[in-house]
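**Q** Pasting in a structure now, in structure tokens, and then I'll have a few things to ask.
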2 protein chains.
Amino acid sequence: MDNETEKISILKLTEKGSSSIEDVVAKEFPLIIILNNHELVTLLCSPANLKYLAVGFLFSEGFLKSKDEIKKIMVDDRRGVVWVETKKGEEPADDVLFERFITSGCGRGTSFHSAADAQGQGKVESQIKISALEVLALVSEFQHRSQIYRATGGVHSAALCDNKDILVFSEDIGRHNAIDKIFGECILNDIATDDHIIITSGRVTSEILFKVARRNVSIIVSKSAPTNLGVRLANDLGVTLVGFVRGKRMNVYTHAWRITIDGK
Amino acid sequence: MDNETEKISILKLTEKGSSSIEDVVAKEFPLIIILNNHELVTLLCSPANLKYLAVGFLFSEGFLKSKDEIKKIMVDDRRGVVWVETKKGEEPADDVLFERFITSGCGRGTSFHSAADAQGQGKVESQIKISALEVLALVSEFQHRSQIYRATGGVHSAALCDNKDILVFSEDIGRHNAIDKIFGECILNDIATDDHIIITSGRVTSEILFKVARRNVSIIVSKSAPTNLGVRLANDLGVTLVGFVRGKRMNVYTHAWRITIDGK
């Protein structure tokens, strides 16, 4: 966590007056991703798990489909560069870079999506279920784990879970990055995402839905709001979308059959 | 506001049980910006004030420097396309599109920035001051105006203010978009931004600082956290950065001389 925050001096104003204090803010770090010698993108991110972020990003954006395609990954933490080489060694097509979405909601703009992606993305068929009490317990643990958020108020968190435990956890200044770091770690360490649950602190927009459906995740749980496209895509892609998990309450937007009411 | 939200049926779970209710979510809408017949980008945004968003984006990203450069703007609200033609009619250079940042924090990824931008951006020299009580009053009014946020919890707000009043206000699913809509409106309607204040609901990252400094705004006030690069840029660019304005408290991160303590 120390590497991801910075101490600075600020002036704090309250009803009682002003005082100079030391405060902690989240670090923001530019990471360049180079795919087969082609500089693809610069992400602004939290400076940890850069390899996971790069790999997660390349999968989320459709540049990689399988771990077997990767020949080599090199990371320069200091300069903020990740080089990824594939066995085929193909440079990404120029038009992939031009026809892109820049996002919206709280998070880096995913890019590169087109309507075709939506049509090409199959439905998530998982039959797993989770009880409402299990959702509340996981979100409670999720908040407990969000150390950088508690210190700075300036980052998002994401987690991969089964019904009982958080398996992979990440924090990043971008809500997209936090989820890409999760998926990058899962891909490189052969952690299954099928039949699992993603928790996010961030809002659930269309791009987030594409991301989780690509990894065959059937349940996404958020502390925040979804957009109408997030809801529509969750419905179409067979994903259970739970939002506004706060206190003992939650909203189930789509495929509510996967959320069971305890004792019933 | 009706055009920017959608009613949907959801399942609400509370300690008392489950109920099917009608809920309101923010709309997410893809907007294509075409500059001189060149499809530049697709932004995911709230479907209002598309012309302001397109113009604000083009200025923020450095594609336009002056209103006088604009020859014609056409908007297709239904299909989500804004065409902007300049008098020179030049297509944007390909490499502008390649060397880009995709963001991070809560909001669309601004793109296209390079270190050179930072060096090219002059310091904001404005001598205006604002009292802490005026900041609190403005933020209180700002929250009152955030109708779509109150209905959905799923959007960001931004405002241009003088010391006493909100002059321009916008809401959007993206924190970058909300600010670009403000600046687009100011540019097209000849509303001065020099010696004014920007309020945002979102986190203050490096990109937000570039945006406000480009419009010569000397004070940015946020309800949320800044990143370390946001603070560093604010310091370097001569911008007063106020964060975490909540209740009667606030943190002043940079150039605190512009914030006066009332009665002193």
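**Q** Confirm whether A:ILE70 is surrounded by 12 or more Cβ atoms within 10 Å (Cβ to Cβ) and of a type outside the set (Asp, Glu).
**A** Working: surrounded by 12 or more Cβ atoms within 10 Å (Cβ to Cβ): yes; of a type outside the set (Asp, Glu): yes.
The answer is yes for A:ILE70.
**Q** Look at segment B:207-256 and say how many of its residues are polar (S, T, N, Q) and closer than 16 Å to B:HIS196 by Cβ.
**A** Residues flagged as polar (S, T, N, Q) and closer than 16 Å to B:HIS196 by Cβ within segment B:207-256 amount to 4.
**Q** Then there is this: Looking at segment A:68-84, I want the residues that are polar (S, T, N, Q) and have a partner that is at pLDDT below 95 and surrounded by 12 or more Cβ atoms within 10 Å (Cβ to Cβ) with Cβ atoms under 7 Å, at least 6 apart or on another chain. Which pairs are those?
**A** none
**Q** Could you tell me which numbered condition A:THR205 fails, if it satisfies all but one of (1) under 30 Å from A:ILE70 (Cα atoms); (2) more than 9 Å from every other protein chain (Cβ to nearest Cβ); (3) of a type outside the set (Lys, Arg)?
**A** Exception for A:THR205: condition (2).
**Q** Any chance segment A:181-198 includes a residue that's charged (D, E, K, R), touching a residue at least 24 places away in the same chain (Cβ under 8 Å) and touching a Gly at 6+ places or on another chain (Cβ under 9 Å)?
**A** The answer is yes; a qualifying residue exists.
**Q** Can I ask one more? Could you list all residues from segment A:224-257 that are buried (at least 21 other Cβ atoms within 10 Å of the Cβ) and touching a residue at least 40 places away in the same chain (Cβ under 8 Å)?
**A** Answer for segment A:224-257, where residues must be buried (at least 21 other Cβ atoms within 10 Å of the Cβ) and touching a residue at least 40 places away in the same chain (Cβ under 8 Å): A:THR227, A:LEU233, A:LEU237, A:VAL239, A:VAL242, A:VAL245, A:MET250.
**Q** Check B:ILE32, B:ILE21, B:ILE8 and return the single one that is within 14 Å of chain A (Cβ to nearest Cβ) and in contact (Cβ under 8 Å) with a residue 24 or more places away in the chain.
**A** None of the others qualify; the one that does is B:ILE32.
**Q** Restricting attention to segment A:36-75, which residues are modelled with pLDDT of 95 or more, assigned to a strand (DSSP E or B) and over 17 Å from the mean Cα position of the chain (by Cα)?
**A** A:ILE70, A:LYS71, A:LYS72, A:ILE73, A:MET74, A:VAL75
**Q** Which numbered condition trips up A:ASN189, out of (1) facing another protein chain (nearest Cβ under 10 Å); (2) closer than 27 Å to A:ASP68 by Cα?
**A** The number of the failed condition is (1).
**Q** Checking B:LEU237 against (1) over 19 Å from B:LEU136 (Cα atoms); (2) in contact with a Pro (Cβ under 8 Å, 6 or more places away or on another chain); (3) of a type in the set (A, V, I, L, M), only one condition comes out false. Which one?
**A** Evaluating B:LEU237 over (1) over 19 Å from B:LEU136 (Cα atoms); (2) in contact with a Pro (Cβ under 8 Å, 6 or more places away or on another chain); (3) of a type in the set (A, V, I, L, M) leaves (2) as the failure.
**Q** Right, something else. Got a sec? Which of A:VAL221, A:VAL217 is in the same structural domain as A:ASP165 (by TED's automatic domain parsing), under 20 Å from B:SER20 (Cβ atoms), within 18 Å of the chain's Cα centre (by Cα) and not charged (D, E, K, R)? Before the answer, list the steps.
**A** Details: A:VAL217 fails: under 20 Å from B:SER20 (Cβ atoms).
Only one candidate qualifies: A:VAL221.
**Q** In segment A:249-264, which residues are within 7 Å of another protein chain (Cβ to nearest Cβ) and modelled with pLDDT of 95 or more?
**A** At the first step, the residues of segment A:249-264 found to be within 7 Å of another protein chain (Cβ to nearest Cβ) are A:249-253, A:256, A:261.
Correct list: A:ARG249, A:MET250, A:ASN251, A:VAL252, A:TYR253, A:ALA256.
**Q** How many residues, within segment A:33-46, are crowded, with 18+ Cβ neighbours inside 10 Å and not hydroxyl-bearing (Ser, Thr, Tyr)? So that I can check it myself, show each step before the final result.
**A** From segment A:33-46, those crowded, with 18+ Cβ neighbours inside 10 Å are A:33, A:35, A:40-46; that's our starting set.
Checking the rest, the ones that are also not hydroxyl-bearing (Ser, Thr, Tyr) come to A:33, A:35, A:40-41, A:43-45.
Of the residues in segment A:33-46, 7 are crowded, with 18+ Cβ neighbours inside 10 Å and not hydroxyl-bearing (Ser, Thr, Tyr).
**Q** May I pose another question? Could you tell me whether segment A:242-251 includes any residue that is in contact with a Gly (Cβ under 9 Å, 6 or more places away or on another chain) and small (Gly, Ala, Ser)?
**A** Yes, segment A:242-251 contains a residue that is in contact with a Gly (Cβ under 9 Å, 6 or more places away or on another chain) and small (Gly, Ala, Ser).
**Q** Could you identify the single residue in A:ALA158, A:ALA151 that is surrounded by fewer than 24 Cβ atoms within 10 Å (Cβ to Cβ), within 26 Å of B:VAL231 (Cα to Cα) and of a type in the set (A, V, I, L, M, F, W, C)?
**A** None of the others qualify; the one that does is A:ALA151.
**Q** Being buried (at least 24 other Cβ atoms within 10 Å of the Cβ) and within 14 Å of chain B (Cβ to nearest Cβ) is true for just one of A:ILE179, A:ILE197. Which residue is that?
**A** Among A:ILE179, A:ILE197, only A:ILE179 is buried (at least 24 other Cβ atoms within 10 Å of the Cβ) and within 14 Å of chain B (Cβ to nearest Cβ).
**Q** Shifting gears a bit: Mind counting the residues in segment B:51-64 that are crowded, with 23+ Cβ neighbours inside 10 Å and either closer than 24 Å to B:ILE148 by Cα or assigned by TED's automatic domain parsing to the domain that holds B:ARG214 (or both)?
**A** Qualifying residue count for the region: 6.
**Q** If you don't mind, another one. Scan segment A:55-67 residue by residue and report those that are polar (S, T, N, Q) and either in contact with a Cys (Cβ under 6 Å, 6 or more places away or on another chain) or touching a residue at least 12 places away in the same chain (Cβ under 8 Å) (or both).
**A** The one that is polar (S, T, N, Q) and either in contact with a Cys (Cβ under 6 Å, 6 or more places away or on another chain) or touching a residue at least 12 places away in the same chain (Cβ under 8 Å) (or both): A:SER60.
The values are calculated or read from the model by the stated rules, or taken from the named source; none is laboratory data. Please read all numbers here as calculations on a predicted model, not as lab measurements. Cβ coordinates were reconstructed from backbone atoms using ideal geometry, including for glycine residues, and neighbour counts include every protein chain displayed.
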